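The values are calculated or read from the model by the stated rules, or taken from the named source; none is laboratory data. Quick caveat: nothing in here was measured; it's all calculated off a predicted structure. Cβ coordinates were reconstructed from backbone atoms using ideal geometry, including for glycine residues, and neighbour counts include every protein chain displayed.
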Amino acid sequence: MSILVVGSVAFDSVETPFGKADEVLGGSATYFSTSASYFTDVKLVAVVGEDFPDEHIAGLKEKGIDLAGLKKVPGKTFRWKGRYDYDLNQAHTLETHLNVFSAFNPEVPESYKDSPFVFLANIDPELQMKVLEQVRKPKLIACDTMNFWIEGKPDALRKLLKNVDLFVINEGEAREFSGHASLVKAAKAILSCGPKTLIIKRGEYGALMFNGGEMFSAPAYPLEEIFDPTGAGDTFAGGLMGYLANTGDLSEENIRKAIIFGSVMASFNVEAFSLNRLKTLTLPEIKARYSEFKRLTHFEDI
Ligand code: AMP
């Protein structure tokens, strides 16, 4: 089953303790789509400026991503500049330039409107809502956000959450949004806003799921070297949603497997800057790391 995704397509400038990248391909929808493309068909809704090179468009096409909903308009592409210190879980935003996104009115192509899976990747919650208003009865609606929107558009975000089944958010942002330091309390408060399932991303500590009174905890894969955590959250969501859409199974057990596929994809992404590692992955590599996750977390019953 296919996934419709709306989110940012961007130029990122990133500095980590291990190096630096200037104006490289990034954006929440870019990471999400590339990751999900290993599992299922992806249909992208976004906007770029005239400065967006054909080579990046060709790269997305190569992954089989449907670009009928990607508009190129006069103006500059979205830009994000961030820095990570040794705590790679914490991105410090230095600059956000919405550019062509500030006047974007998303139009969902007719061929996208029956997509059974919808992912509202991190972007203005008003744009996420506009996309949702144009689709017909999806099987699953999921969304992500970040502090920029929690602080900038809290009302629009709360309105959106009433229509969302699965919410994926960072640990720090879950605390900020709910006002609770305890993640269990934060989860209860967030779930009371609408979503049935909440997944809290905890960077190098993995992910926690809250679903109908059940909790599930997945570790992150312990890596010897992490170059750039940018896009890890979106790549995680791409693996998660990609696997759910591929199987069409929304049972608790299958969501647990999907979380591990999300963690697998994120673990590859942080091994290089931009989408450099993600672009060249193979299915055997993905499956092998899934098995390593299984061994990593396996223990016998008492
Ligand atoms: P993450 O998966 O959380 O590391 O997301 C990183 C990506 O989010 C980067 O590639 C940025 O281009 C993108 N991004 C950063 N800030 C925003 C924002 N305010 N709205 C949409 N996308 C953003």
Checklist entry - Identify, please: which residue in segment 50-81 is in contact (Cβ under 8 Å) with a residue 60 or more places away in the chain and closer than 15 Å to Asp22 by Cβ and is, among those, nearest to the ligand (Cβ to nearest atom)? => result Trp80
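Within segment 82-95, how many residues turn out to be within 10 Å of the ligand (Cβ to nearest atom) and either closer than 20 Å to Arg175 by Cα or more than 18 Å from the chain's Cα centre (by Cα) (or both)?
Narrowing segment 82-95 to residues within 10 Å of the ligand (Cβ to nearest atom): 82, 84, 91, 93, 95.
With the extra rule that they be either closer than 20 Å to Arg175 by Cα or more than 18 Å from the chain's Cα centre (by Cα) (or both), the set shrinks to 84, 91, 93, 95.
The qualifying residues number 4.
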Item to check | Filtered residues of segment 92-126 (kept if among the aliphatic types (A, V, I, L, M) and buried (at least 23 other Cβ atoms within 10 Å of the Cβ)) | outcome: Val100, Val118, Leu120, Ala121, Ile123
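What do you reckon, is Ala220 among the aliphatic types (A, V, I, L, M), surrounded by fewer than 24 Cβ atoms within 10 Å (Cβ to Cβ), within 16 Å of the ligand (Cβ to nearest atom) and within 24 Å of Ala187 (Cα to Cα)?
Working: among the aliphatic types (A, V, I, L, M): yes; surrounded by fewer than 24 Cβ atoms within 10 Å (Cβ to Cβ): yes; within 16 Å of the ligand (Cβ to nearest atom): yes; within 24 Å of Ala187 (Cα to Cα): yes.
It is true that Ala220 is among the aliphatic types (A, V, I, L, M), surrounded by fewer than 24 Cβ atoms within 10 Å (Cβ to Cβ), within 16 Å of the ligand (Cβ to nearest atom) and within 24 Å of Ala187 (Cα to Cα).
For segment 149-260, give me every one of the helices (runs of 4 or more DSSP H) that falls completely inside it and has 2 or more residues that are touching a residue at least 60 places away in the same chain (Cβ under 8 Å). Can you show your working first?
Values: elements: 154-161, 171-178, 183-191, 232-247.
The helices (runs of 4 or more DSSP H) meeting that bar are 171-178, 232-247.
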Item to check | Subset of segment 24-49 that is more than 11 Å from the ligand (Cβ to nearest atom) and in a strand (DSSP E or B) - its residue that is nearest to Leu278 (Cα to Cα) | outcome: Val42
Item to check | Qualifying position, being among the hydrophobic types (A, V, I, L, M, F, W, C) and in contact with a strand residue (DSSP E or B) (Cβ under 8 Å, 6 or more places away or on another chain), among Phe299, Phe261, Phe268, Phe273 | outcome: Phe273
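Of everything in segment 199-217 that's of a type in the set (D, E, K, R) and more than 17 Å from Leu161 (Cβ to Cβ), which residue is surrounded by the most Cβ atoms within 10 Å (Cβ to Cβ)? Explain how you work it out, then say what you get.
Filtering segment 199-217 for residues of a type in the set (D, E, K, R) gives 201-202, 204, 214.
Right, trim to more than 17 Å from Leu161 (Cβ to Cβ) and you get 202, 204, 214.
On the way: Arg202: 19, Glu204: 17, Glu214: 11.
Restricting to residues being of a type in the set (D, E, K, R) and more than 17 Å from Leu161 (Cβ to Cβ), the top hit is Arg202.
Test of understanding: among Thr297, Thr282, which residue is modelled with pLDDT under 95, exposed (fewer than 14 other Cβ atoms within 10 Å of the Cβ) and away from the ligand (no atom under 16 Å from the Cβ)? Spell out how you get there, then give the answer.
Details: Thr282 fails: modelled with pLDDT under 95.
Sole residue among the options that is modelled with pLDDT under 95, exposed (fewer than 14 other Cβ atoms within 10 Å of the Cβ) and away from the ligand (no atom under 16 Å from the Cβ): Thr297.
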